[in-house]
Every structure is written in structure tokens, then in C-alpha cells.
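A short worksheet on the structure shown next.
The values are calculated or read from the model by the stated rules, or taken from the named source; none is laboratory data. Computed from a predicted model, the values in this text were never measured in an experiment. Positions of Cβ are generated from backbone atoms using ideal geometry, with glycine treated the same way; all protein chains shown enter the neighbour counts. Accessible surface is based on the protein model in full, side chains and every heavy atom, while ligands, DNA and RNA are left aside. Shrake-Rupley method; radii C 1.70, N 1.55, O 1.52, S 1.80 Å.
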Amino acid sequence: MADLRVTLCGVELKNPVIPASGTFGFGREFDEIYDISVLGGAATKGLTLAPRAGNPVPRIAESRGVILNAVGLQNPGVEKFIAEDLQWLKNKTRVVANVAGSTLSDYAEICARLDGLVDFIELNISCPNVKCGGMAFGIRPESIEEVTKVAKSSLRHTPLMVKLSPNVESIAVNARAAEAGGADCISLVNTFTGMAIDIERRTPIIANNTGGVSGAGIKPIAVRMVYEAARAVSLPVVGMGGITCAEDAIEFLMAGATAVQVGTHNFTDTLACPKIIAGLNEWCDRRGVKKISELTGTLKLN
């Protein structure tokens with residue numbers, strides 16, 4: 001059986017598979033279906049300083065090969081997460097705390113509050129479903145570097161992962177901006193901005209009008225962006241976007257990712273992550289791959 005362990009920012013994961021933020025809650029519901037300690041880690045739903053109710057409904061829409069969401073960072077707030085969910089999740093797997101804010105001081109404060117309590121902080125500067133902050137920090141390289149510096153200055157013990165938006169002119173330039181700001185690693189891609197229309201009512205299906213597009217249909221674009229970002233920086237990369245099987249995950253690894261996050265497919269199949277982990281073992285065993293870490297960055301261009 002292949003060695004699926006990977007090391008990310010000095011932290012060892014038992015395998016490279018991590019459920020993506022916003023698709024896994026805090027893990028409790030999935031743990032009723034399977035033991036989530038099999039995972040390499042788990043990314044929490046986006047956390048803010050104060051609780052958020054999120055956007056009005058409807059805020060989910062299906063389309064061919066993708067879904068659109070405009071949940072709007074609904075969450076109980078960081079203090080409730082720390083009090084009620086953090087220790088339970090830490091007892092299960094590595095914790096990637098996804099954090100968001102509307103101002104630079106928000107990011108500084110929430111990072112300081114979680115420093116040393118979680119295994120990674122994932123800086124959400126790329127959510128397209130909030131009215132202010134978040135997305136604004138994730139578009140321009142100057143603002144990416146600035147918010148990354150602010151967050152990093154609040155951290156002494158926890159590695160900082162910066163989650164990049166795909167809705168940009170150059171993913172390579174923005175990846176370098178995160179590196180310049182002091183990021184320890186980057187993750188990408190977050191959702192693309194999209195729209196679905198009710199043609200009978202002639203109105204957007206989602207109350208927010210637009211939403212974040214995710215799912216299997218975005219995978220080729222996401223793989224390309226991970227490849228470009230991984231070549232642009234010396235940081236480790238966590239890749240995501242449309243992963244539904246082990247073979248998809250391996251594409252991201254070969255493109256340059258050290259680990260992967262699985263998002264929308266958790267809705268399609270609640271056993272998605274353990275199936276992908278098993279599939280990685282089978283793929284490696286069939287091809288004589290002893291360590292999955294050896295696959296990272298092995299893409300050979302034509």
C-alpha cells in the first residue's frame with residue numbers, strides 16, 4: 001500500500017485529501033456517515049468575528065455540471081466555533097480554519113484569536129458572495145499582499161494559507177503577491193462568479209443575483225490555474241476545483257499541488273472523500289508509486 005502522507009508547511013497530513021470550506025460544516029454531520037479521522041484534514045466553513053446569517057434564499061442553484069451558491073458566509077462566529085466545535089474536530093483530524101473579514105482589522109483580529117489553536121488558517125479573500133470585503137481583497141495584487149501581511153503579522157504559531165480567487169487577470173501575479181505578503185502556502189481556486197436565470201420569470205434564480213460556480217465543470221480551468229500558480233511561487237499549493245475522483249486529485253498533484261480540497265462533490269456523494277483516498281491508494285499501487293508526494297509537480301508538457 002502506498003504511503004499517502006504529505007507534509008504541508010511542516011505539518012504532516014495522513015493523506016492529501018481535505019474537504020473544502022463551505023461543503024463540510026465542522027465535520028459533525030459527515031462523522032455520522034464515516035469516521036472523518038481518515039481525512040488528511042478538514043477546512044471549516046468560513047468563520048467571521050461575529051455570527052452571520054448569510055444571504056437571503058434562494059441561494060443555491062443547479063446547472064449542468066456545476067452548482068451556484070450565494071450562501072454569504074453564514075456561520076456561528078469564531079468564538080462559538082472555538083467553544084463548541086474546535087476541540088472535537090482537532091481530536092479527529094488536522095484543522096484548516098477558513099477565516100473571512102470585511103476590513104483589515106477583522107482579518108488581524110480573527111487570525112490572532114485562532115493562532116496556535118488550529119493547524120492552518122486559510123485566508124478567505126476570494127468569496128464572491130458577500131457585499132463588502134472578502135472578494136475586494138482578493139482581486140488586486142496590491143490588496144492581496146496587504147491583507148496577507150496584516151494576517152501574517154497576527155500569527156506566531158499557525159501557518160497561513162491564502163485562498164485565491166480565479167476571477168482575476170493573472171493568477172500567477174496574485175500568487176506572487178500572496179508570497180510577497182508572507183503566505184506560507186496558497187490554495188486555489190475558489191468559485192467563479194456566475195448567474196443562472198429562471199426563463200419563465202425572467203429573473204435570476206439566486207436572490208443575490210449572482211453566485212459562486214463550483215463543481216465538476218470547472219476542473220480543467222482550475223487545474224490550469226493551479227499549474228500556473230505553482231510555477232510562479234516557491235510556496236506549497238493546495239489545489240481544488242471540480243474534484244470528483246482519485247484521478248482528478250492526481251491531476252492537481254501533477255500540476256503542482258501538495259494536497260487537494262474536495263468541495264461540491266461532498267454534496268453529490270457524502271462518501272466522496274474516503275472514496276478518493278481509497279482510489280489514490282489503488283492508483284498508486286497499480287503503478288508502483290510508493291509515495292504519493294512523489295507525484296507533485298511531475299507534469300510533462302508536450
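Listed values, structure above:
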quantity	calculated
Subset of segment 95-109 [hydrophobic (A, V, I, L, M, F, W, C), within 14 Å of residue 154 (Cα to Cα) and in contact with a strand residue (DSSP E or B) (Cβ under 9 Å, 6 or more places away or on another chain)]	99
Residues of segment 151-192 satisfying the condition of being more than 16 Å from the chain's Cα centre (by Cα), open to solvent by 40 Å² or more (accessible area, probe 1.4 Å), more than 16 Å from residue 233 (Cβ to Cβ) and not charged (D, E, K, R)	153, 157
Residue among 255, 180 that alone is in contact with a strand residue (DSSP E or B) (Cβ under 9 Å, 6 or more places away or on another chain) and at pLDDT 95 or above	255
Options 193, 158, 203; residue that is in contact with an Asp or Glu (Cβ under 7 Å, 6 or more places away or on another chain) and hydroxyl-bearing (Ser, Thr, Tyr)	158
Answer residue from segment 231-269, given it is out of contact with any helix residue (DSSP H, G or I) (no Cβ under 6 Å at 6 or more places or on another chain) and β-branched (Val, Ile, Thr) and is nearest to residue 122 (Cα to Cα) among those	238
Residue list for segment 288-302, filter: surrounded by fewer than 17 Cβ atoms within 10 Å (Cβ to Cβ), part of a loop (DSSP other than H, G, I, E, B) and not hydrophobic (A, V, I, L, M, F, W, C)	288, 290, 297, 298, 300, 302
Segment 70-105 - residue that is part of a helix (DSSP H, G or I) and open to solvent by less than 40 Å² (accessible area, probe 1.4 Å) and, of those, farthest from residue 151 (Cα to Cα)	89
Which listed residue, of 54, 116, 40, is of a type outside the set (S, T, N, Q), within 18 Å of the chain's Cα centre (by Cα) and assigned to a loop (DSSP other than H, G, I, E, B)	40
Failed item in (1) of a type outside the set (A, V, I, L, M); (2) modelled with pLDDT of 95 or more; (3) in contact with a helix residue (DSSP H, G or I) (Cβ under 6 Å, 6 or more places away or on another chain), with residue 152 passing the rest	(3)
Only listed residue being at pLDDT 95 or above, of a type in the set (Val, Ile, Thr), closer than 20 Å to residue 252 by Cα and in contact with a strand residue (DSSP E or B) (Cβ under 6 Å, 6 or more places away or on another chain), chosen from 206, 171, 221, 186	186
Some residue of segment 266-287 being of a type in the set (Gly, Ala, Ser), in a loop (DSSP other than H, G, I, E, B) and either open to solvent by less than 20 Å² (accessible area, probe 1.4 Å) or within 14 Å of residue 188 (Cβ to Cβ) (or both)	no
